[in-house]
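Structure first, then comments.
The values are calculated or read from the model by the stated rules, or taken from the named source; none is laboratory data. Just so it is clear, the structure is predicted and the values come from calculations on it, not from any experiment. Ideal geometry is used to build each Cβ from the backbone, glycine not excepted, and the neighbour counts take in all protein chains shown. Heads up: the accessible areas ignore ligands, DNA and RNA and are worked out on the full protein's heavy atoms, side chains in. Shrake-Rupley method; radii C 1.70, N 1.55, O 1.52, S 1.80 Å.
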Amino acid sequence: MGKFSGLIHNENIKIYSRARTWVMLLILAVMSALMPVLFYFSASDKSHLMGLWETFQMTVSVAFFLNTIFTVVVASDSIAGEFSWGTIKLLLIRPWSRSKILLSKYISMVLFSLLSTVVLIAFGLGSAYLFSSQTGDVMTSLTGWSPSAYSFMDLLFRYVELFLTATLAFMVSSVFRASGLAIGLSLFIIFAKNLIVIIFNPDRYEWAKYLLFTHMDLRVYLSSDTGPGGVTLGFSIAVLAAYYLLFLLISWIVFRKRDVAA
Amino acid sequence: MLTTELAEPVARLQGVTKKIGSKTLVSDLTLDIPAGQIFGFLGPNGAGKTTTIRMMVGLISISRGDILICGRSIKDHFEEAVSHVGAIVENPEMYKFLTGYQNLRQYARMVSGVTKQRIDEVIKLVGLDNRIHDKVKTYSLGMRQRLGVAQALLHRPKLLILDEPTNGLDPQGIRELRDYLRRLCQQEGTTVFVSSHLLSEMELMCDSVAIIQNGRLVDVRQLKNIGDTVVAAAETLFEVDQAETAMALIGRGIVKEGGLVLEVTREEIPALNELLVNGGVKVYGIRALSRSLEDQFLEMTGGEGIG
Ligand SMILES: Nc1ncnc2c1ncn2[C@@H]1O[C@H](COP(=O)(O)OP(=O)(O)OP(=O)(O)O)[C@@H](O)[C@H]1O
Ligand SMILES: [Mg+2]
């Protein structure tokens with residue numbers, strides 16, 4: 001029997017030998033580098049320029065959308081792709097349990113999300129450094145965070161959201177074997193979740209506290225001690241963790257039991 | 001034959017049943033695949049060949065019964081059991097955006113002990129040397145089929161399962177496949193389980209054949225024996241100008257278009273011919289209307305549509 005790292009290597013090859021992956025990373029890099037340039041040249045005069053961290057944070061707020069979408073694309077294709085190519089039947093007749101094959105796919109998807117996030121940070125921060133005011137950030141520390149620490153907490157919480165969305169896409173892909181559905185559903189959630197939180201306001205409905213959408217954006221805790229519906233950060237994290245485990249559980253159960261007649 | 005019967009069967013299907021909803025695709029199939037043979041699995045379209053093969057490699061669950069590969073249950077010891085198996089299930093689909101070689105590397109990484117040398121050896125065996133570094137999307141169906149066989153052979157499986165492997169191969173390719181399956185069987189002792197709905201192909205390739213229809217095992221037989229019986233009891237057509245006269249002279253047979261048909265042994269033919277010629281009947285030809293396995297197969301499975 002081969003080594004488990006070989007499985008992850010295989011999955012990585014499947015991701016990175018496709019032109020699509022490199023196009024996505026390129027777009028992400030260009031977008032991240034371009035935002036600070038746009039801010040720089042659109043400022044009416046140089047005294048209105050934002051500082052490094054403000055510029056970076058503005059960049060992140062735009063580019064992270066792309067980052068999430070691209071990771072969702074990779075997550076959705078990881079299983080559904082094998083089914084639509086028909087390669088699943090050659091993959092599953094190796095001396096590896098389906099659980100381990102699924103795990104290798106999940107890990108390689110997470111590795112991709114880390115790589116794309118690093119690309120975003122590297123290009124975004126690099127460009128922000130070149131195209132921002134040298135006078136420093138005016139970003140007031142209402143919150144007691146330093147601008148750099150605030151930026152990274154912001155990034156971290158956005159990553160949590162991406163991580164959950166991608167895991168959801170992975171699950172849909174495992175259950176329905178259709179990458180289009182997985183991508184569509186995840187995008188819908190990305191864009192509709194704020195609306196859903198407004199409609200099912202946890203201040204009004206007690207049960208809305210247990211909805212995934214209510215807690216996906218943890219950034220509210222950067223400026224406040226209580227989150228939606230007056231819950232704590234710990235509560236939010238517990239709800240997210242519960243959903244995360246549920247998504248994984250469903251992915252695994254379905255994938256392990258499925259009759260493969262592709 | 002004696003030796004293969006003594007050795008433990010490589011695969012044992014024990015009362016295997018597959019149900020999807022209320023439909024029974026394969027019904028109570030019990031079959032031993034003896035070691036060191038090329039074993040054919042024959043049946044018309046929709047008979048349940050692919051379904052059975054999917055169960056043998058663990059792609060779909062077994063509703064009832066069990067399948068043992070080298071003594072290990074594919075249900076309970078999947079990894080161990082499947083490690084003895086190399087397979088193509090229906091069309092061998094590959095990663096089109098990778099080269100043939102990169103595809104093989106994928107599968108090599110999933111088992112231990114497949115060296116670069118082994119990969120090259122297998123590529124040569126299936127005759128893909130010239131195109132192996134091209135992307136699979138540029139391959140023809142036959143080339144993908146060859147790559148499929150290469151992939152199945154990489155880890156030197158004890159049991160090679162091929163679902164309609166000649167699909168898409170040219171006559172040259174079919175010939176080559178037959179030859180290297182033979183070689184594999186004789187030199188490496190690999191057991192080959194090969195499905196087809198083409199009987200003529202099975203006759204050329206296999207030592208034994210199991211016939212399946214409507215999900216049920218109809219017959220298992222050794223092919224060489226069938227050949228013998230064909231020679232022994234041949235229906236023979238005497239092409240003559242006056243069939244009635246010929247029948248009167250011989251005293252039996254059936255008058256058919258083109259002459260007289262009767263069952264004779266090889267030894268009887270010269271005497272009968274002499275009898276006819278002396279009786280003034282012109283004999284244009286004598287040929288055996290051998291009931292080939294094809295006829296027997298059609299007789300056995302024919303008359304019923306796909307279902
Ligand atoms: N997922 C499924 N659900 C219901 N019926 C199915 C399913 N898959 C296959 N069948 C049916 O099972 C029967 C056996 O199919 P199978 O693919 O095993 O036939 P086969 O012997 O391989 O035929 P062929 O020579 O055409 O490849 C067919 O009648 C088919 O319609
Ligand atoms: Mg079939």
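Return the average number of partner chain Cβ atoms within 10 angstrom of each residue Cβ along peptide B:58-68.
Averaged over the peptide's residues, the number is 2.
Checking buried surface per residue: for region A:2-22, which residues lose a minimum of 10 Å² accessible area in the protein assembly relative to the chain alone (1.4 Å probe)?
Residues shielded by partner chains are A:GLY2, A:GLY6, A:LEU7, A:HIS9, A:ASN10, A:ILE13, A:LYS14, A:SER17, A:ARG18.
Do any GluC sites (Glu not before Pro) in region B:133-213 lie in a loop, going by DSSP, with at most 16 other beta-carbon atoms within 10 Å of their beta carbon, and if so which?
B:GLU188
Output the relative contact order of chain A, whole-number percent, from Cα pairs under 8 angstrom with separation of 6+ residues.
With pairs under 8 Å counted, the relative contact order is 26 percent.
Could you check how much of the accessible area of the protein assembly as shown is carbon and sulfur, as a whole percent, using a 1.4 Å probe?
That share works out to 59 percent.
Just the accessible area per residue of the protein assembly as shown, please: how many Å² with a 1.4 Å probe?
46 Å²
What is the angle, in °, between the Cα long axis of helix B:116-125 and the longest principal axis of the Cα atoms in chain B? Nearest 10 is fine, range 0 to 90.
In chain B, helix B:116-125 runs at an angle near 20 degrees to the longest axis.
At a probe radius of 1.4 Å, figure out the A/B buried accessible area, summed over both chains, and give it in Å² to the nearest 100.
Buried area between the two chains comes out at roughly 2800 Å².
So if I restrict to the alpha-carbon atoms in chain B, what is the Rg, and what is Dmax, the biggest pairwise distance, in Å?
Taking only Cα atoms of chain B, I get Rg and Dmax of 23.9, 77 Å.
Contact order normalised by length for region A:63-123, with contacts defined as Cα pairs under 8 Å and 6 or more residues apart; what percent is it?
The value is 59 percent.
Rounded to the nearest 0.05, what FRET efficiency is calculated for B:ARG252 and B:ARG216 with R0 set to 41 Å and r the Cβ-Cβ distance?
Efficiency, rounded to the nearest 0.05: 0.60.
Most fluctuating residue of B:HIS155, B:HIS133, B:HIS84 in a GNM of chain B with Cα springs under 10 Å: which is it?
Maximum among the listed residues: B:HIS133.
Rounded to the nearest 10 degrees, what's the angle between the helix B:269-278 long axis and the longest principal axis of chain B, both from Cα atoms, 0 to 90?
Here the helix axis deviates by roughly 30 degrees.
Given the C-alpha centroids of region B:239-278 and region B:65-94, what is the distance between them in whole angstrom?
Region B:239-278 and region B:65-94 have Cα centres spaced 55 Å from each other.
Hey, with R₀ at 25 Å, roughly what FRET efficiency would A:LEU233 and A:TYR210 work out to, going by the Cβ-Cβ distance, to 0.05?
The pair A:LEU233/A:TYR210 has a calculated efficiency of 0.95.
Among A:ILE101, A:ALA43, A:THR117, which residue has its Cα positioned farthest towards the positive end of the charge dipole of chain A, with +1 placed on the Cβ of Lys and Arg, -1 on the Cβ of Asp and Glu, and the dipole taken about the Cα centre?
Among A:ILE101, A:ALA43, A:THR117, the one farthest towards the positive end of the dipole of chain A is A:ILE101.
Under 28 Å between alpha carbons, and skipping anything fewer than 8 positions from B:LYS75 in its own chain: which lysines qualify?
A:LYS3, A:LYS89, A:LYS100, A:LYS105, A:LYS257, B:LYS18, B:LYS19, B:LYS23, B:LYS49, B:LYS158
Report which residues of region A:69-111 become buried by 50 Å² or more of accessible surface when going from the isolated chain to the complete set of protein chains (1.4 Å probe; DNA, RNA and ligands ignored).
So the qualifying set is A:TRP85, A:THR87, A:LYS89, A:LEU90, A:ILE93, A:ARG94, A:PRO95.
Please compute the average number of Cβ atoms from other chains found within 10 Å of each residue's Cβ in peptide B:24-33.
Averaged over the peptide's residues, the number is 0.
Restricting attention to region A:127-221, which trypsin sites (Lys or Arg not before Pro) occupy a DSSP loop and are surrounded by at most 12 other Cβ atoms within 10 Å?
Here the sparse-neighbourhood loop sites are A:ARG204.
Which of the peptides B:157-163, B:115-121, A:34-40 is most tightly packed, and how do the rest follow, going by the mean number of other Cβ atoms within 10 Å of each residue?
Going from most to least packed, we get B:157-163, A:34-40, B:115-121.
Per-residue Cβ counts within 10 Å, from other chains only, averaged over B:85-97: what number is that?
5
Give, ordered by residue number, each residue of region B:105-134 whose 1.4 Å probe accessible area is reduced by a minimum of 20 Å² on adding the remaining protein chains to the chain alone.
Residues shielded by partner chains are B:GLN106, B:TYR107, B:ARG109, B:MET110, B:VAL111, B:SER112.
How much of A:TRP207 can a 1.4 Å solvent probe reach, expressed as accessible area in Å² and rounded to 10?
About 130 Å², rounded to the nearest 10.
Quick one: among A:VAL60, A:VAL73, A:VAL220, which has the greatest mean-square fluctuation in a GNM of chain A with alpha-carbon springs under 10 angstrom?
Between A:VAL60, A:VAL73, A:VAL220, it is A:VAL220 that shows the largest mean-square fluctuation.
Mind ranking B:CYS206, B:CYS70 by accessible surface for me, highest first, 1.4 Å probe?
These residues rank, largest area first, as B:CYS70, B:CYS206.
How many angstrom lie between the C-alpha centres of region A:79-121 and region A:200-253?
Region A:79-121 and region A:200-253 have Cα centres spaced 28 Å from each other.
Based on the Cβ-Cβ distance of B:LEU204 and A:LEU26, what FRET efficiency does E = 1/(1 + (r/R0)^6) give at R0 = 45 Å, to the nearest 0.05?
With a Förster radius of 45 Å, E is 0.25.
Treating the angle as unsigned and between 0 and 90°, give the value, to the nearest 10°, between the Cα long axis of helix A:19-42 and the longest Cα principal axis of chain A.
10 degrees
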